[in-house]
1. Taking 0.36 nm per intervening residue step and subtracting the Cα-Cα distance, what contour gain separates His85 from Phe136 on full extension?
2. How much of the accessible area of the range 29-268, in percent, comes from carbon and sulfur atoms when a 1.4 Å probe is used?
3. Tell me the Rg and the Dmax, in Å, that the Cα atoms of the range 29-268 produce.
4. When ranked by the protection proxy of mean other Cβ atoms within 10 Å per residue, highest first, what sequence do the peptides 269-282, 151-164 form?
5. Taking only protein heavy atoms and a 1.4 Å probe, what accessible area per residue, in Å², does the chain have with all protein chains in place?
6. How much net charge surrounds Pro109 when only other residues with a Cβ under 14 Å from its Cβ are counted (Lys, Arg +1; Asp, Glu -1)?
7. Net charge around Ala152, counting only other residues with Cβ within less than 13 Å of its Cβ (Lys, Arg = +1; Asp, Glu = -1)?
8. For the pair Glu57 and Ser278, how long in nm is the line joining their label points, each one 7 Å along Cα→Cβ?
Amino acid sequence: MSMDIYPTRKTTEPTLIFRQDPVVYGGPEDGPIDERTLKGFAERGFLTVEQLIEPVEVERYRAELHRLVTDEGLKDDERVITERHSREVRSIFEVHRISEVFAELAADPRIVGRARQILDSDVYIHQSRVNYKPGFQGKDFYWHSDFETWHAEDGMPRMRAVSISIALTENFVHNGGLMIMPGSHRTFVCCLGETPSDHYKESLKGQEIGTPDPDSLRLLAEKHGIELFTGPAGSATMFDCNCMHGSNGNITPFPRSNVFFVYNSVDNACVEPFAAQSRRPSFIAARDFTPVG
Ligand code: 6CS
Ligand code: FE
């Protein structure tokens with residue numbers, strides 16, 4: 001068992017510890033991200049790409065998402081997570097294995113080239129999902145650090161993973177866009193409470209365990225502020241695994257759909273969970289570490 005330098009879900013008192021890993025492992029010469037943007041990523045924990053994929057490509061992915069969301073055969077697939085109070089689809093996991101079209105996007109050099117540069121190694125897909133935050137009643141995602149969950153429940157040893165969220169519908173200020181506290185990735189918030197067995201069956205509909213306590217959230221929000229990401233379909237936000245982030249609900253008629261890929265360094269492959277009885281299913285936390293691209 002690797003040393004647990006991020007002991008979460010083990011204390012009864014809120015505990016904050018400094019990040020003990022680099023943020024950016026590569027340099028400007030290692031890929032398409034220029035020096036200024038790379039520096040911004042190190043500082044703030046994210047970068048945005050105004051138009052990562054072209055409008056015509058967005059149409060193709062939107063059509064594919066619609067096909068998946070309306071595919072009756074998929075409705076009973078455990079990789080399809082529905083909203084708590086309706087049969088509306090909230091997320092489809094392992095979308096890069098379910099759909100050829102999304103598999104292509106997950107291996108796209110415009111994305112993988114950036115991930116390899118930040119992580120300075122080959123990368124594999126730890127998790128993929130499409131979030132289809134339907135209009136009128138898309139639910140929120142409470143504040144959390146993805147790394148806290150991936151460390152506790154999936155056995156991800158260190159902070160050497162990066163996520164990308166690509167907007168498939170326009171992200172307005174009002175339809176439940178992604179919010180990040182810029183700079184929060186440099187603090188690890190140890191969460192309280194033990195991981196219940198089969199936690200993912202609940203947490204993916206609305207996470208309670210593994211969310212930071214209000215005092216820690218207030219401390220981080222007062223220190224870093226909160227950035228809300230808006231942008232056209234095709235825009236993308238790439239963010240460090242330990243950013244404190246969340247998103248509000250969506251009561252507007254405008255759905256907020258995004259596709260989300262998590263790239264983990266092959267040198268940071270998951271081991272046994274650091275704070276859970278058993279591992280989560282492979283459709284949430286990959287156990288195939290084959291490098292992408
Ligand atoms: O538990 C997880 O792995 C997922 N949960 C959230 C809310 N974000 C990260 C990840 O997709
Ligand atoms: Fe998340």
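1. 17.1 nm
2. 51
3. Expressed in Å, the Cα Rg and Dmax of the range 29-268 come to 16.9, 49.
4. 151-164, 269-282
5. 42
6. -2
7. On the way: positive: Arg9, Lys10, Arg279, Arg280; negative: Asp4, Asp146, Glu148, Glu153, Asp154, Glu194, Glu272.
Combined, the nearby Lys, Arg, Asp and Glu give -3.
8. With each label point 7 Å from Cα toward Cβ, the separation is 4.0 nm.
The values are calculated or read from the model by the stated rules, or taken from the named source; none is laboratory data. As the structure is a prediction and not an experimental result, all values here were calculated from the model. Ideal geometry is used to build each Cβ from the backbone, glycine not excepted, and the neighbour counts take in all protein chains shown. The area values use the complete protein model at the heavy-atom level, side chains included, leaving out ligands, DNA and RNA. Shrake-Rupley method; radii C 1.70, N 1.55, O 1.52, S 1.80 Å.
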